[in-house]
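This report concerns only the one structure given below.
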Amino acid sequence: IVLLHENARDVAHGAIGPDRLIVTPHARLVVAEYVLGSALEQLHLSHDRLWRDYRIPMPPSAGAPRFDHRADVMQLGVTSLSLFLGRVLRDDELACINELLAESTEASAGGARQPLSQGLRGWLARALQLDQRRPFLSAREAQMALPRRL
């Protein structure tokens with residue numbers, strides 16, 4: 001997504017989610033359906049309808065959702081949260097994303113499940129646009145902040 005944003009500055013994917021990720025035989029991660037977001041944007045659907053019908057989370061906004069880099073970052077955050085939970089989010093769970101973040105776990109060095117580290121939890125909060133003072137505005141910003149959180 002960083003490469004997409006940097007090579008086409010006015011383009012966003014707009015529809016990132018666990019069901020649109022493909023792992024190639026060479027262990028490369030590919031994000032599919034890059035045209036879906038631009039097509040859905042033209043329908044002018046509400047935040048709720050985008051989530052309910054297409055599993056596309058969008059950052060809060062006044063008016064119609066904006067399919068931009070910030071939306072891609074939030075979608076990366078929701079996808080990451082799904083991976084930590086080991087499942088996709090259900091219809092009603094986007095509204096309680098803070099609680100889902102609080103119950104998320106990671107594997108310790110010994111393999112036991114433990115709560116997410118404070119750094120990783122903070123990174124996810126910014127990616128999920130929960131930290132309104134310092135949300136990630138670009139995939140590059142989120143990428144650059146990630147190594148410091150691990």
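When only alpha carbons are used to place a centre, the range 66-103 and the range 1-53 end up 14 Å from one another. The heavy atoms of Leu3 present about 120 square angstrom of accessible area, all protein chains included, probe 1.4 Å.
Heavy-atom accessible area, probed at 1.4 angstrom with all protein chains present, ranks His13, His26 as His26, His13, highest first.
For Arg140, Arg113, write out the residues from largest to smallest accessible area, computed with a 1.4 angstrom probe and no ligands counted. Write out the running numbers ahead of the final one.
Numbers: Arg140 90, Arg113 140 Å².
These residues rank, largest area first, as Arg113, Arg140.
On a 0 to 90° scale, report how tilted helix 118-127 is relative to the longest principal axis of the chain, with both axes built from alpha carbons and the result rounded to the nearest 10. Once rounded, one gets 0 degrees. Here the Gaussian network model covers the chain, with springs between Cα atoms less than 10 Å apart; of Val35, Val23, Val73, Val23 fluctuates the most.
For the range 57-150, what does the alpha-carbon gyration tensor say about shape, rounded, prolate or oblate, given a ≥ b ≥ c as the root eigenvalues, a/c under 1.5 as rounded, and a/b over b/c as prolate? Since a/c reaches 1.5 but b/c is at least a/b, the shape of the range 57-150 is classed as oblate.
Per-residue extension of 0.36 nm, minus the Cα-Cα distance of Ala8 and Gln42, leaves a gain of 10.3 nm for this segment. Shown are Leu137, Leu124, Leu146, whose ranking by accessible area with a 1.4 Å probe and every protein chain present, most to least, is Leu137, Leu146, Leu124. Projected label points at Arg52 and Glu106, each 7 Å from Cα along the beta carbon direction, are separated by 3.6 nanometres.
The values are calculated or read from the model by the stated rules, or taken from the named source; none is laboratory data. Values in this document were obtained by computation on a predicted structure and should not be read as measured data. Cβ atoms come from the backbone with ideal geometry, glycine included; neighbour counts cover every protein chain shown. Side chains included, ligands, DNA and RNA excluded: accessible areas come from the protein's heavy atoms. Shrake-Rupley method; radii C 1.70, N 1.55, O 1.52, S 1.80 Å.
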